[in-house]
């Protein structure tokens, strides 16, 4: 057990939020003071997931030198120097140098890309400290911090919910479950409750899709659930890929053929009484010709090309052999619904005025026509679009990114296809203002809002 695990509460889902806050010595209404934050930051360390140390240039170059094909070339170079064939030895060493430099450069590109992305993406969190709300880098969070969450936020650390309102989180990154999970801080769960059923906790790197909450941080860095997963990943021993194993086998075959040819030439040369220097030069030339000296560089170039094509599709490859592994994958077994989906919902048909209509376009694209029966006019969808936009909290950007519940986002997109902009409607709909909302619960399933100052001049309510 690490020092962090000893110092932070255990089974926090089995305790009330007040007990957890008391154990962490924090007042949820005030938060931690600046001095206490500094002390805990030095005690627990930054809120960062454990990282695998990047390989040094020397380690990468040494790995390339251990390539069986390069080893054979170096043996040939040593033999050349031994018999006084200095130009031949220099030429062969040049081939080895080119192979090592090119392969090492390609191998170092991927970790550099990952590190560059990590430097660009520094998340922030809204924290209550000393009675005031501050915006701080999530790496500076400590156990006991009071974090404020709302729809669209990514949870910066594992935490116990103190106060929440209609809170739902997308936990697919942790559990693989695609449906948003409802959370409630008033629940006190059994000590043996599984990870996916701990509804009074929020976990690092999961996303808030609906509602607001005030939470107290209980674990940071490697002590979080994501940190434990990262520990398992970094401790995994990397194995050679099938392509690397095949190349090793091919190198052994080439080596056996080359040395067999050299042996045959040497035996016949000695039997015929050829000059020793001439015979050795002929043997070395045969060995070099039998070895595909450019194969290592060629393979690295092909893998690098694959990595660049994946990068164009917004995928970053950490290690070049992963490209070959991905390309060789034929079957993926998954036991969770939604793990391999696009995590998008689309409204494709609707019933309005007693008739069915089809909505074109896929995903969260706001373009698409609404089609009905040929020969009939489309009804006025303005009243329906008003309900779709006002009775929801989701927002959809032009790049198809969403903040909020996926179902509400699908209805916002449907309203956009009716020529209604959700943000514009919510802020400028003749002073329409939401005065009350009722979340969906076990006793009341629909999400209901009551608006005042509607276009019709009277109070309106919507239900979704």
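Per residue, the convex hull spanned by the Cα atoms of the stretch 168-224 measures out at 93 cubic angstrom. Taking a ≥ b ≥ c as the square roots of the eigenvalues of the alpha carbon gyration tensor, the stretch 132-280 is prolate, as a/c is not under 1.5 and a/b beats b/c.
Roughly what percent of Cα-Cα pairs across the stretch 63-109 reach past 15 Å?
Every Cα pair in the stretch 63-109 considered, those over 15 Å come to 43 percent.
Put the Cα centre of the stretch 124-166 next to the Cα centre of the stretch 270-293 and the gap is 73 Å.
Since every read-out is calculated from the coordinates, none of them should be taken as a lab result. Only a predicted model underlies this, so the values are computations on that prediction, with no experimental measurement involved.
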